[in-house]
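First the structure, in the form of structure tokens, and then the observations on it.
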């Protein structure tokens, strides 16, 4: 690690720690004012943002970035509008900091409750998606945390431009600009330093591919809230409404290929496969989706390519779908347990028993009945923007919104009681 990067990250960390003591005490009005001003400035500076984003897109095309990642990288008018909408929604949400759980009264008369408090300093490491800069900054700010944002080199210019707008919003509300800091270097050593700064950083939230998560899991000394890949499954049960199943399975794959909630593997009960798969195959063909299937699938869809073991484990983020015909619900659950990344799974069925069994036994962060997997994001859960989809067991699971960026402390009130 170069001395300059080491010094830069030490400075950023020290500033974040100092800012965290200020922001955890800031009023909801201050935080919301900052967010609303950022939203206004995003819309006013749309052309500036798109100009800076164009620099990143040009470099990305030169480096042959995959189409799904190019899609994530692009700051269109729609994307900018959505970011502004997200900021205003988060501003309008209830401030979790200082909220109390239900109070209990102990036999000795002491009142006891839990109070929500910020985590402290959160480091966010992400790839390709400049919108994460806004989402992460907003959620950390509203939940009373200082944040250090380290985006990928492919979105460098976009992130710096967004960072300027974030600083404007903080200053407008009278908050320290160091409450949110965008790391202004593409040196990979900055990531290595960030994930080991235990004296300054309380938690790291990575958003990226398997290689990034693997590296951070091996090297980090700061605790991680991990967002793994989205190898999501839908299982069409023998008791499914077939029209409903068709519509759900079609949208789950074709709504947007590059999102982590897109279906990557379709499981179909053998009893209804002959009715379901040929029609779906025709619809997928109209969307230029490449199909890869097991032997039973290929008997019904001759154009499907043979699925390999690797296909069952792959998050394609593109127009490719793996299909397997299974004999029963238990086999579907077994397949998911073996190959899923623990993100989102869904069963299509009209039977309560099968639905209940699926939701109890499938161990993913979100488990649906009669829904496409693409609902797995914070807006759809009523959380506003989310900082990621956590596949952890601790500290939080699923879309990580405001409450997921807090912890709690116990607060007790008495009247002079003494312990016996």
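The values are calculated or read from the model by the stated rules, or taken from the named source; none is laboratory data. Keep in mind that this is a model prediction, so the values were computed, not measured. Ideal geometry is used to build each Cβ from the backbone, glycine not excepted, and the neighbour counts take in all protein chains shown.
Checked against (1) outside any helix (DSSP H, G or I); (2) touching a helix residue (DSSP H, G or I) at 6+ places or on another chain (Cβ under 9 Å), residue 60 passes all but a single condition, namely (1). Being assigned to a helix (DSSP H, G or I), touching a strand residue (DSSP E or B) at 6+ places or on another chain (Cβ under 9 Å) and in contact (Cβ under 8 Å) with a residue 60 or more places away in the chain is a property that residue 355 lacks.
On the stretch given as the stretch 165-201, residues that are surrounded by 15 or more Cβ atoms within 10 Å (Cβ to Cβ) and closer than 24 Å to residue 129 by Cβ total 24.
Only one entry in 26, 19 is modelled with pLDDT of 95 or more, under 30 Å from residue 98 (Cα atoms) and either outside the structural domain of residue 155 (by TED's automatic domain parsing) or outside any helix (DSSP H, G or I) (or both), namely 26. Scanning the stretch 146-160 for residues that are buried (at least 24 other Cβ atoms within 10 Å of the Cβ) and over 16 Å from residue 206 (Cβ atoms) yields a total of 2. Of all the residues in the stretch 104-119, those that are outside any strand (DSSP E or B) and either free of Cβ contacts under 8 Å to residues at least 12 places away in the same chain or within 20 Å of the chain's Cα centre (by Cα) (or both) number 3. From the list 215, 256, 221, the lone residue that is without any contact (Cβ under 8 Å) to a residue 40 or more places away in the chain, within 27 Å of residue 315 (Cβ to Cβ) and surrounded by fewer than 18 Cβ atoms within 10 Å (Cβ to Cβ) is 215. If I go through the stretch 42-56 residue by residue, how many of them are part of a helix (DSSP H, G or I) and either surrounded by fewer than 20 Cβ atoms within 10 Å (Cβ to Cβ) or touching a strand residue (DSSP E or B) at 6+ places or on another chain (Cβ under 6 Å) (or both)? So the count comes out to 9. Does residue 62 fit the bill of being free of Cβ contacts under 8 Å to residues at least 24 places away in the same chain and under 23 Å from the mean Cα position of the chain (by Cα)? No, not satisfied. Residue count for the stretch 151-183 under the criterion of being closer than 30 Å to residue 61 by Cβ, in contact with a helix residue (DSSP H, G or I) (Cβ under 6 Å, 6 or more places away or on another chain), in contact (Cβ under 8 Å) with a residue 40 or more places away in the chain and not in a helix (DSSP H, G or I): the result is 4.
Can you tell me how many residues within the stretch 239-253 are touching a residue at least 40 places away in the same chain (Cβ under 8 Å) and either in a helix (DSSP H, G or I) or touching a strand residue (DSSP E or B) at 6+ places or on another chain (Cβ under 8 Å) (or both)? Spell out how you get there, then give the answer.
Here is the first cut: in the stretch 239-253, the residues touching a residue at least 40 places away in the same chain (Cβ under 8 Å) are 239-241, 244-245, 248-249, 251-253.
After this cut, where a residue has to be either in a helix (DSSP H, G or I) or touching a strand residue (DSSP E or B) at 6+ places or on another chain (Cβ under 8 Å) (or both) as well, the list is 240-241, 244-245, 248-249, 251-253.
Residues flagged as touching a residue at least 40 places away in the same chain (Cβ under 8 Å) and either in a helix (DSSP H, G or I) or touching a strand residue (DSSP E or B) at 6+ places or on another chain (Cβ under 8 Å) (or both) within the stretch 239-253 amount to 9.
Conditions tested, residue by residue: (1) more than 20 Å from the chain's Cα centre (by Cα); (2) within 20 Å of residue 287 (Cβ to Cβ).
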site	(1), (2)
311	yes, yes
314	no, yes
320	yes, yes
327	yes, no
331	yes, no
337	yes, no
346	no, yes
352	yes, no
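Quick one: is residue 191 in contact with a strand residue (DSSP E or B) (Cβ under 7 Å, 6 or more places away or on another chain), over 15 Å from residue 7 (Cα atoms) and assigned by TED's automatic domain parsing to the domain that holds residue 145?
Values: in contact with a strand residue (DSSP E or B) (Cβ under 7 Å, 6 or more places away or on another chain): yes; over 15 Å from residue 7 (Cα atoms): no; assigned by TED's automatic domain parsing to the domain that holds residue 145: yes.
Criteria not met by residue 191.
The residue that is nearest to residue 205 (Cα to Cα), among those in the stretch 363-413 that are more than 11 Å from the chain's Cα centre (by Cα), modelled with pLDDT of 85 or more and assigned to a loop (DSSP other than H, G, I, E, B), is 402.
Pairs are defined by a Cβ separation below 8 Å, a sequence spacing of at least 6 or placement on different chains, a first member in the stretch 289-312 that is in contact (Cβ under 8 Å) with a residue 40 or more places away in the chain, and a second member that is in a helix (DSSP H, G or I) and surrounded by fewer than 19 Cβ atoms within 10 Å (Cβ to Cβ); the pairs so defined are 312/335; 312/338; 312/339. Within the stretch 330-339, is there a residue that is without any contact (Cβ under 8 Å) to a residue 60 or more places away in the chain, surrounded by fewer than 18 Cβ atoms within 10 Å (Cβ to Cβ) and assigned to a loop (DSSP other than H, G, I, E, B)? So far as the stretch 330-339 goes, no, none of its residues is without any contact (Cβ under 8 Å) to a residue 60 or more places away in the chain, surrounded by fewer than 18 Cβ atoms within 10 Å (Cβ to Cβ) and assigned to a loop (DSSP other than H, G, I, E, B). Within the set 274, 288, the sole residue that is in a helix (DSSP H, G or I) and either surrounded by fewer than 21 Cβ atoms within 10 Å (Cβ to Cβ) or not assigned by TED's automatic domain parsing to the domain that holds residue 363 (or both) turns out to be 274.
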